[in-house]
Amino acid sequence: MHIVDEIINKYQNNNSLYIGEKVTMTEHMIQTAMLAEENQSPASLICACLLHDYGHFIIEDPDRLVSKSVDGKHEDIGFNFLKNYFKPEVVEPIKLHVQAKRYLCREKSYWNALSEASKVSLKLQGGVMSDTETEKFTSLKFHYEALLLRKYDDEGKIPNIKMRKIGDYRNLINSQLI
């Protein structure tokens, strides 16, 4: 099966709720991409938003990991899989989107606005970034894109909104392949 067909198939067959949220993983990732589109983001960032939690589709039972207080490292799993198919402009922000949350949580107002599920996962992911970690993160080439992805990620959790279908993104996904 071609990678684009495999990705679309995973989205179409996912009916489980996104860990602790009121939307499915599929709905969450599509909403995140829709927000990037609304903000006239480049195609690479829209694709990164669409695929940012793809690692959850690869991890077996991500809900179980959270219930056992284990970080499944979905960002690394997704990155390591997707980097074989997609441009760095797509996969690097995916790899950094958890670090972006840790960075943004240095601001109390950002932390306060997180969903409860996101606050729980933050603890598993290392908590708020230290000054040393912040310096390292902000020196990375795609940290800005990761911060944008993260902000769309936080907003893309609204139940029962008008949604695009994953198939609507076929051309976009194809355009970002290596």
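So how far apart, in nm, are the two label points at Lys119 and Val4 if each is 7 Å from Cα heading toward Cβ? In this crude spin-label approximation the distance works out to 4.2 nm.
In the list (i) 0.93; (ii) 0.98; (iii) 1.11, the label attached to Rg/Rh (Cα atoms, Kirkwood Rh) as derived from the coordinates here is (i). Listed values for segment 155-168 are Karplus-derived 3J(HN,Hα) couplings in whole Hz (6.51 cos²θ - 1.76 cosθ + 1.60, θ = phi - 60°), namely 8, x, 9, 9, x, 6, 9, 5, 10, 6, 9, 4, x, 5, and x replaces Gly and Pro.
Which residue, Val98, Asn39, Ile58, has the largest displacement toward the positive end of the dipole of the chain when charges sit on each Cβ (Lys, Arg +1; Asp, Glu -1)? Of Val98, Asn39, Ile58, it is Val98. Only protein heavy atoms count here; under a 1.4 Å probe, Met34 has an accessible surface of about 30 Å².
If you run the Gaussian network model on the chain, springs between alpha carbon atoms under 10 Å, then out of Ile158, Ile94, Ile77 the most flexible one is Ile158.
Here is the list for segment 103-178: GluC sites (Glu not before Pro) lying in DSSP coil, each with at most 16 other C-beta atoms within 10 angstrom of its C-beta, are Glu107. What's the local net charge at Ser115, with K and R +1, D and E -1, over the other residues with C-beta under 11 Å away? Result for the neighbourhood of Ser115: -2.
For segment 103-178, a simple Cβ point-charge model (Lys and Arg +1, Asp and Glu -1, everything else neutral) yields a dipole of about 300 debye relative to the Cα centre. Tally Lys/Arg at +1 and Asp/Glu at -1 over every other residue whose Cβ is under 12 Å from the Cβ of Gln31; what's the total? With Lys, Arg at +1 and Asp, Glu at -1, the neighbours total -4.
The values are calculated or read from the model by the stated rules, or taken from the named source; none is laboratory data. Here the structure is a predicted model, which is why all the values come from computation and not from measurement. Counting neighbours? That spans all protein chains shown, and the Cβs are built from the backbone with ideal geometry, glycine included. Protein only, heavy atoms only, side chains kept; ligands, DNA and RNA dropped before computing areas. Shrake-Rupley method; radii C 1.70, N 1.55, O 1.52, S 1.80 Å.
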